[in-house]
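Below is one structure, written out as structure tokens; comments come after it.
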Amino acid sequence: MSSPLQALLQNPAIWRGDEQARVRLPSIPTGFAELDRELPGGGWPRGVVSELLSERSGIGELSLFVPALANLSREDGWLMLIAPPWIPYAPALAARGIRLSKLVVVDTRSDKDTLWAAEQGLRAGNCSAVLAWPAAINERSLRRLQFAAEEGSSFGAMFGAAARAAPSSPAPLRMQLGTRQNRLAVRIVKRRGSGRVPTLLLDVERNRAANRRH
């Protein structure tokens with residue numbers, strides 16, 4: 001019989017900094033095995049807002065999420081893209097396995113509207129994923145989004161420019177994205193657990209071609 005303390009420590013909300021490999025979190029496989037190995041729970045965490053900081057937009061950052069979105073589109077919830085910097089190309093998303101009937105693209109006029117829409121989607125409980133591109137986001141707003149994701153058990157991702165990012169963040173998962181050797185370079189800046197992670201070079205083009213064959 002486990003003690004109350006042992007039961008408490010099994011709660012996924014408890015972060016034990018020396019046990020990254022054993023953190024248990026509901027998660028969604030990313031579609032990149034090398035990335036899954038470095039993420040607590042083995043994928044994108046549910047009930048969490050992740051922060052993605054890019055050196056510039058258009059480097060393949062959405063491709064990092066397409067395999068997970070394709071799997072999530074087979075669930076009952078909606079997939080929300082809020083204020084993307086470009087118009088999503090529906091035929092390409094469908095070719096990658098995303099069910100367009102589950103996709104909602106929200107065009108906003110201000111960061112205030114973007115963050116409001118993201119918070120509502122995360123909290124609603126009927127959105128499997130909420131991805132948003134605010135021009136800027138502060139710590140208070142990230143905390144509100146994190147609480148909303150926990151309440152709605154949703155997966156959230158906030159994209160931003162690395163040059164404008166705050167030095168610290170309440171987001172449990174924080175990554176920096178760039179390009180190197182014609183691949184998407186992913187550096188995990190913050191995660192639940194310990195240990196430094198080398199920069200991962202992900203071949204999103206090969207992953208895209210493999211998904212099309214399937």
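Between Val189 and Ser101, the FRET efficiency estimated from the beta carbon spacing at R0 = 35 angstrom works out to 0.50.
Working note: Cα gyration tensor of segment 31-82, eigenvalues times five, square-rooted, sorted largest first, giving semi-axes of 18, 16, 12 Å.
Counted residue by residue at 0.36 nm each, then reduced by the alpha carbon distance between them, the extension gain from Ala90 to Asp36 reaches 16.8 nm. Accessible surface ranking for Lys112, Lys102, Lys190, 1.4 angstrom probe, highest first: Lys112, Lys190, Lys102. With N as its number of residues, segment 119-158 has a Cα radius of gyration that, divided by 2.2 N^0.38 Å, comes to 1.04.
A 1.4 Å probe run over the protein chains yields, for segment 112-188, 47 Å² of accessible area per residue, whole-number rounding. For segment 64-183, report the % of Cα-Cα distances exceeding 24 Å. Here the tail beyond 24 Å accounts for 26 percent of pairs. Rolling a 1.4 Å probe over the protein chains gives Asp76 an accessible area of about 150 Å². Legend: residues Met80, Met175, sorted from most to least accessible area (1.4 Å probe; ligands, DNA and RNA excluded), read Met80, Met175.
Kindly give the semi-axes, whole Å and largest first, of the ellipsoid equivalent to segment 124-196, taking each as the square root of 5 times a Cα gyration tensor eigenvalue.
22, 14, 14
Distance between the 7 Å Cα→Cβ label points at Ala124 and Thr179: 3.4 nm.
The values are calculated or read from the model by the stated rules, or taken from the named source; none is laboratory data. Computed from a prediction, not measured in an experiment: that's the story for all the values here. Neighbour counts run over all protein chains shown; Cβ positions are idealised from the backbone, glycine included. Areas reflect the complete protein model, heavy atoms only, side chains present, ligands, DNA and RNA absent. Shrake-Rupley method; radii C 1.70, N 1.55, O 1.52, S 1.80 Å.
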